[in-house]
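See structure below.
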Amino acid sequence: MSMNMEFEKKLPIPMEVKEMFPISSRVEYTVQKKTAELKRIFTGEDKRFLLIIGPCSADREDSVMEYVTRLAAVQEKVEDKIMIIPRIYTNKPRTTGAGYKGMLHQPDPDQKPNLFEGIIAIRELHMRAVSETGLICADEMLYPSNHKYLDDIIGYVAIGARSVENQEHRLTASGIDVPVGMKNPTSGDIDVMMNAITAAQGRHHFIYRGWAAHSLGNPYAHAILRGYVNKHGNSLPNYHYEDLAFVNGKYKESGLKNPSVIIDCNHANSGKKYIEQIRIANEIIDSRNYDSEIKDLVKGLMIESYLEDGNQKTGDIYGKSITDPCLGWEKTEKLIYDLAERL
């Protein structure tokens with residue numbers, strides 16, 4: 001019986017793509033050095049605050065590189081207080097499956113999907129970002145089997161709210177050697193997120209890319225609070241002091257390593273009102289400054305930000321998001337300096 005799909009093209013395996021587009025020894029050194037720094041933030045040895053910040057989706061190389069280059073200049077001025085990890089999110093989950101799915105699918109948002117060119121485009125973009133700025137970047141692991149195309153370049157991996165219950169995501173995360181953030185699901189169930197962290201910190205045997213594999217566990221797997229949606233479809237926040245105290249209690253019960261929370265200031269926490277991210281970020285600093293346990297727990301923020309405020313349906317305006325609305329550059333730069341002052 002035939003399947004209801006057509007196989008278009010056999011894609012190269014990650015090893016082949018890495019041979020075609022190898023990282024330089026300088027990029028390799030930067031990734032190792034910066035990833036070690038990042039891990040020390042999650043163990044609590046490094047007290048700097050983490051800022052995972054950038055566009056909702058990395059839709060085009062030129063504007064993303066301009067944005068990341070600007071971030072690198074700001075990083076130099078706040079490096080004693082903040083470690084900045086640019087978001088270069090190259091594949092996007094779509095709730096209904098419709099719409100722009102990211103650079104992996106469409107290296108040019110105005111052209112048809114081309115997954116072979118997409119794999120090359122996202123590798124080249126991540127390589128260029130590290131090479132030209134000295135920063136390590138974050139990406140979302142939407143498809144666990146694709147992680148190997150980028151695993152020698154990226155410094156931080158996020159598991160989305162719709163993926164966090166998936167067994168393959170959890171087990172693959174347990175075999176990744178950089179910090180992996182597990183978002184709470186869209187329902188807001190904190191136990192689901194804690195179970196995902198427990199799975200990711202454990203050791204497992206499983207099938208990965210056609211291989212029988214086993215993982216050693218990821219002690220840097222941690223929580224990301226992104227708000228949630230109730231049964232009526234209303235966005236509700238989970239970044240308030242009481243929410244953080246609740247998660248702190250859950251961590252204490254769990255016995256998990258390196259208790260850590262990153263707070264996503266957009267999505268359901270802001271109701272996708274991008275300007276609210278500024279107020280939310282400041283409230284989180286208040287909570288940290290009020291309670292030393294919360295200060296130890298909350299390691300940083302995730303913020304959606306780009307060159308221009310808001311979003312657009314088509315890519316007519318350079319540096320303006322074609323997916324969720326983002327905070328523009330001027331407000332972003334001011335926010336980073338303001339946060340550094342308050343830490």
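Go through segment 280-319 and give me each residue that's in contact with a Leu (Cβ under 9 Å, 6 or more places away or on another chain), among the hydroxyl-bearing types (S, T, Y) and surrounded by fewer than 19 Cβ atoms within 10 Å (Cβ to Cβ).
Passing the criteria: only Y318.
Have a look at S260, S270 and point out the one that is touching a residue at least 12 places away in the same chain (Cβ under 8 Å), touching an Asp or Glu at 6+ places or on another chain (Cβ under 6 Å) and under 27 Å from P93 (Cα atoms). Please lay out each step first, then the result.
On the way: S260 fails: touching an Asp or Glu at 6+ places or on another chain (Cβ under 6 Å).
Answer to the selection: S270.
Only residues that are among the small types (G, A, S), in contact (Cβ under 8 Å) with a residue 24 or more places away in the chain and outside any loop (DSSP other than H, G, I, E, B): list them for segment 193-213, please.
Scanning segment 193-213 gives A196, A199, A200, A213.
Determine whether G227 is out of contact with any strand residue (DSSP E or B) (no Cβ under 9 Å at 6 or more places or on another chain), within 30 Å of R288 (Cβ to Cβ) and at pLDDT 95 or above. Spell out how you get there, then give the answer.
On the way: out of contact with any strand residue (DSSP E or B) (no Cβ under 9 Å at 6 or more places or on another chain): no; within 30 Å of R288 (Cβ to Cβ): yes; at pLDDT 95 or above: yes.
For G227, the condition - out of contact with any strand residue (DSSP E or B) (no Cβ under 9 Å at 6 or more places or on another chain), within 30 Å of R288 (Cβ to Cβ) and at pLDDT 95 or above - is not met.
Tell me which of these I224 doesn't satisfy, since it passes every other one: (1) without any contact (Cβ under 8 Å) to a residue 24 or more places away in the chain; (2) in a strand (DSSP E or B).
All conditions are met except number (1).
Mind checking which helices (runs of 4 or more DSSP H) fall wholly inside segment 1-106 and carry at least 3 residues that are aliphatic (A, V, I, L, M) and over 19 Å from the mean Cα position of the chain (by Cα)? I'd like the intermediate steps shown before the answer.
On the way: elements: 14-20, 25-43, 61-78.
Where helices (runs of 4 or more DSSP H) fall fully within segment 1-106 and carry at least 3 residues being aliphatic (A, V, I, L, M) and over 19 Å from the mean Cα position of the chain (by Cα), they are 14-20, 61-78.
For segment 61-93, what are the residues that are crowded, with 17+ Cβ neighbours inside 10 Å and under 13 Å from Y306 (Cβ atoms)?
S63, V64, M65, Y67, V68, L71, P86, R87, I88, Y89
Hey, could you check segment 213-259 for residues that are of a type in the set (S, T, N, Q) and closer than 21 Å to H169 by Cβ and say which is nearest to the chain's Cα centre (by Cα)? It would help to see each step written out before you state the result.
Taking segment 213-259 first, the residues of a type in the set (S, T, N, Q) are 215, 218, 230, 234-235, 238, 248, 254, 258.
When the remaining residues are screened for being closer than 21 Å to H169 by Cβ, the result is 215, 218, 238, 254, 258.
Details: S215: 21, N218: 16, N238: 18, S254: 24, N258: 18 Å.
Once the filter is applied, the top-ranked residue is N218.
Please specify each residue of segment 136-175 satisfying the condition of being over 23 Å from T186 (Cβ atoms) and in contact with a strand residue (DSSP E or B) (Cβ under 6 Å, 6 or more places away or on another chain).
Once the filter is applied, which keeps residues that are over 23 Å from T186 (Cβ atoms) and in contact with a strand residue (DSSP E or B) (Cβ under 6 Å, 6 or more places away or on another chain), segment 136-175 yields C137, I154.
When segment 263-279 is examined, which residues are found to be surrounded by fewer than 21 Cβ atoms within 10 Å (Cβ to Cβ) and within 18 Å of the chain's Cα centre (by Cα)? Give the steps one after another, and end with the answer.
Here is the first cut: in segment 263-279, the ones surrounded by fewer than 21 Cβ atoms within 10 Å (Cβ to Cβ) are 271-273, 275-276, 278-279.
Answer for segment 263-279, where residues must be surrounded by fewer than 21 Cβ atoms within 10 Å (Cβ to Cβ) and within 18 Å of the chain's Cα centre (by Cα): just K272.
Suppose we filter segment 176-211 for residues that are over 27 Å from I153 (Cβ atoms), surrounded by fewer than 16 Cβ atoms within 10 Å (Cβ to Cβ) and either basic (K, R) or in contact with a Pro (Cβ under 8 Å, 6 or more places away or on another chain) (or both); how many remain?
Of the residues in that region, 0 qualify.
Against the definition (more than 16 Å from D338 (Cβ to Cβ) and modelled with pLDDT of 95 or more), how does D286 come out, yes or no? Let's see the steps before the verdict.
Working: more than 16 Å from D338 (Cβ to Cβ): no; modelled with pLDDT of 95 or more: yes.
When the stated conditions are applied, D286 does not pass them.
The values are calculated or read from the model by the stated rules, or taken from the named source; none is laboratory data. Since the model is a prediction, treat every value here as computed from it, not as a measurement. Backbone-built Cβ (ideal geometry, glycine too); neighbour counts: all protein chains shown.
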